[in-house]
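Student: Questions regarding the structure given below will be posed in turn.
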Amino acid sequence: MTWLLGYVDPLDPCFVAAILTITFNPLFWNVVARWEQKTRQLSRAFRSPYLACYSLGTAILLLNVLRSHCFTQAMLSQPKMESLDNPTAYCVGLALLGVGSTFVLSSFFALGFTGTFLGDYFGILKEARVTTFPFNVLDNPMYWGSTANYLGWAIIHASPTGLLLTAVVALVYMVAILYEEPFTAQIYQQKASPSHKRS
């Protein structure tokens, strides 16, 4: 990883903006979702947990558009890597985009909007945890599909900056998973418990 740093200017404003958006987005949606789960303030403000979830989901989508824009601008503002600037690497990048998009879109269709955008924190639960494709192939396919998309985008642009930023994306997602997974497991365990079913 250190060899990538020779290509990257970490003080470049576009690079700094990309780092900030990459780290801010999961922090934002986890803090807001946990706050909602504890207080139900958003559900009360919108007078519906569904409207509140749709609003948070829309905000997350817009933040992700901003993150992708900053990621791209950071790549374009810094030098390419000659060894990646060839047709083979370009095809590998396209393949990663294809795989990543498949995981992201199939995850969305399997979970639905509220399942994708933290509906469980709003009390909007599915009958059981989703175990169909792509969840029967990979844990957290939305996150890893997104990471594959960024990696493919970086390779297509022959960008060492993009590769470094993709590593940051993966690291941030790993932290988010450690934070989110126990909660998700807990609420579905509670839902399946006899006391919950009697209530």
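Student: Could you tell me how many degrees, from 0 to 90 and to the nearest 10, lie between the Cα long axis of helix 160-192 and the main elongation axis, the longest principal axis, of the Cα atoms of the chain?
Tutor: Once rounded, the angle reads 10 degrees.
Student: To the nearest 0.05, how large is the calculated FRET efficiency for Asn86 and Leu171 if R₀ is 30 Å and r is the Cβ-Cβ distance?
Tutor: Values: r = 28 Å, r/R0 = 0.93.
According to the calculation, E is roughly 0.60.
Student: Mind giving me the nanometre distance, one decimal, between the label points for Tyr7 and Phe183, set 7 Å out from Cα along Cα→Cβ?
Tutor: 3.6
Student: Here is a follow-up. Taking 0.36 nm per residue of sequence separation and subtracting the Cα-Cα distance, how much length would be gained by fully extending the chain between Ala45 and Val130, in nm to one decimal?
Tutor: 27.7 nm
Student: Where the only charges are on Cβ atoms (+1 Lys, Arg; -1 Asp, Glu), what is the dipole of the chain about its Cα centre, to the nearest 20 debye?
Tutor: Numbers: 12 positive and 10 negative charges, 218 e Å.
So the magnitude is around 1040 debye.
Student: Please compute the per residue accessible area over the chain with all protein chains in place, 1.4 Å probe, rounded to a whole number of Å². The partial results should precede the final answer.
Tutor: Working: 10840 Å² over 199 residues.
For the chain, the solvent-accessible area averages 54 Å² per residue.
Student: Per the 1.4 Å probe, what fraction of the accessible area of the chain, in percent, lies on carbon and sulfur atoms? Please report the intermediate quantities before stating the final value.
Tutor: Details: 7260 of 10840 Å².
Answer for the chain is 67 percent, counting heavy atoms of protein chains only.
Student: How much length is gained if the chain between Phe24 and Lys38 is pulled fully straight, taking 0.36 nm per residue apart and subtracting their Cα-Cα distance, in nm to one decimal?
Tutor: Working: separation 14, 0.36 × 14 = 5.04 nm, distance 2.11 nm.
Length gained between Phe24 and Lys38: 2.9 nm.
Student: Also: How much length is gained on full extension from Val65 to Gln190, taking 0.36 nm per residue of separation minus their Cα-Cα distance? Display every interim value, and only then the final one.
Tutor: On the way: separation 125, 0.36 × 125 = 45.00 nm, distance 3.48 nm.
The span from Val65 to Gln190 would gain 41.5 nm if fully extended.
The values are calculated or read from the model by the stated rules, or taken from the named source; none is laboratory data. Everything numeric here is computed off the predicted structure, so don't read it as measured data. Note: ideal-geometry Cβ built from the backbone for every residue, glycine included; neighbour counts use all protein chains shown. SASA here: full protein model, heavy atoms, side chains in, ligands and nucleic acids out. Shrake-Rupley method; radii C 1.70, N 1.55, O 1.52, S 1.80 Å.
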